[in-house]
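K.L.:
One structure follows; several queries about it will come next.
The values are calculated or read from the model by the stated rules, or taken from the named source; none is laboratory data. Note that the structure is predicted; figures quoted are calculated from it, not measured. Note that we place each Cβ from the backbone using ideal geometry, even for glycine, and neighbour counts take in every protein chain shown.
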Amino acid sequence: MNPLLTRLQAYPFEKLQQLKSGVVPPEQLTHIALSIGEPKHLPPGFVLKTLSENLDRLANYPTTKGLSELREAIAGWLERRFKLPAKIVDANENVLPVNGTREALFAIAQACIDSSQKDAKVLMPNPFYQIYEGAALLAGAEPVFLNCTKENNFHPDFSQVDEKTWQQCQLLYLCTPGNPTGAVLPLEKLKELIALSEQHDFIIASDECYSELYFDEQSPPAGLLQACAEMDICDFKNCLVFHSLSKRSNLPGLRSGFVAGDKNLINTFFKYRTYHGCAMPIPTQLASIAVWNDETHVLANRSAYREKFERVLHILDGCLALEKPDAGFYLWPETAQSDTEFAQKLYAEKNITVLPGSFLARETLEGNPGKQRVRMALVASLDECEQAALRIREFCGAGN
């Protein structure tokens with residue numbers, strides 16, 4: 001077996017199951033899960049219709065590069081969404097469909113890390129999506145964790161990165177809007193990171209899966225390719241973005257997303273994926289074309305999340321230390337006790353599952369930035385989210 005597998009930690013939800021093991025919640029209270037970021041809103045009806053009408057295409061092998069119509073739809077969406085110059089995104093050279101961004105975020109490290117360089121580093125936010133860490137370790141690189149704290153607006157603390165680490169950095173993972181903090185990196189910060197990438201020749205992989213869940217229709221989160229365009233870097237050198245239909249369109253089970261950016265990186269990644277065997281089924285591609293070309297359902301989705309945040313934040317006001325995030329569907333409140341104790345007791349007393357923040361982060365010299373915080377995903381129905389907030393208020397009022 002690959003000895004690097006021994007360096008992988010248990011996934012956060014495995015740790016959560018252990019934490020809840022043996023705990024019996026009150027039977028009279030229906031369980032409400034706020035722990036997993038799995039959208040519960042209904043998927044667009046036209047997607048299901050498109051899938052059902054094209055099931056016969058399962059008789060055809062899909063290609064790794066995908067249908068040209070899908071790549072064109074993705075390129076068009078990128079240009080509309082991020083106000084990019086027309087045709088700056090070449091659908092044939094700058095875009096590659098992927099089966100959900102989770103596998104692509106993992107695979108990109110395997111494709112681009114030079115493990116013969118024994119000091120290879122992969123920088124990432126802390127707390128983080130654990131795929132980043134696993135990808136770095138299995139690619140033979142060392143993860144470097146950049147703490148995201150309230151004092152730094154929950155942005156990775158790039159000021160702690162010394163010159164030697166930047167020189168050793170081969171890949172930088174970004175997550176904007178952030179999971180679990182919801183923090184959005186400003187356009188100017190993205191430009192600074194692009195300049196550092198040019199200086200030290202490392203790749204930026206920007207996980208932008210939550211980019212379509214925001215509160216102000218006039219101020220959508222900026223993206224990495226947008227920053228490139230404003231810097232007149234029209235070849236997107238060293239820059240890749242990862243987007244998905246999971247959160248944007250409530251289609252986590254469709255496993256449909258894309259990676260876009262530097263054509264040289266895309267071409268190398270395409271070669272890797274040809275051997276990896278990750279082609280997207282044709283019915284999924286056809287459904288994805290329809291979804292990337294429609295914004296009506298996305299507007300309705302954002303509206304539903306806005307209402308949930310408004311109600312939940314109103315109920316929890318004064319009982320938990322928390323702020324409304326910049327974007328996304330998570331709350332990231334502080335807890336008066338340890339995050340694991342809070343989560344375990346909340347489940348035991350109110351039959352609500354939340355995820356301890358320390359499970360999403362790693363210990364550093366400055367501590368674990370997830371400690372005494374929990375992640376709450378407002379993915380359940382409005383009524384369930386409201387009921388969960390009322391129970392949490394009661395829980396906190398009881399001295400927890």
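K.L.:
Have a look at L137, L84 and point out the one that is touching a helix residue (DSSP H, G or I) at 6+ places or on another chain (Cβ under 9 Å) and farther than 30 Å from N250 by Cα.
P.N.:
L137
K.L.:
Residues in the stretch 1-50 that are among the polar types (S, T, N, Q) and closer than 30 Å to V291 by Cα: how many?
P.N.:
Result for the stretch 1-50: 2.
K.L.:
Within the stretch 180-195, which residues are closer than 24 Å to A229 by Cβ and part of a loop (DSSP other than H, G, I, E, B)?
P.N.:
A183, V184, L185, P186
K.L.:
For the stretch 1-101, please list each of the helices (runs of 4 or more DSSP H) lying entirely inside it that holds at least 3 residues being in contact (Cβ under 8 Å) with a residue 40 or more places away in the chain and either acidic (D, E) or in the same structural domain as K263 (by TED's automatic domain parsing) (or both).
P.N.:
Qualifying helices (runs of 4 or more DSSP H): 68-81.
K.L.:
Looking at the stretch 360-383, which of its residues are surrounded by 19 or more Cβ atoms within 10 Å (Cβ to Cβ) and assigned to a helix (DSSP H, G or I)?
P.N.:
L360
K.L.:
Where in the stretch 217-328 are there helices (runs of 4 or more DSSP H), lying fully within it, with 2 or more residues that are of a type in the set (A, V, I, L, M, F, W, C) and within 18 Å of I74 (Cβ to Cβ)?
P.N.:
224-230, 263-276, 282-292
K.L.:
Further, regarding this structure: Inspect all residues belonging to the stretch 98-108 and state whether any of them is crowded, with 19+ Cβ neighbours inside 10 Å and farther than 15 Å from R273 by Cβ.
P.N.:
Within the stretch 98-108, none of the residues are crowded, with 19+ Cβ neighbours inside 10 Å and farther than 15 Å from R273 by Cβ.
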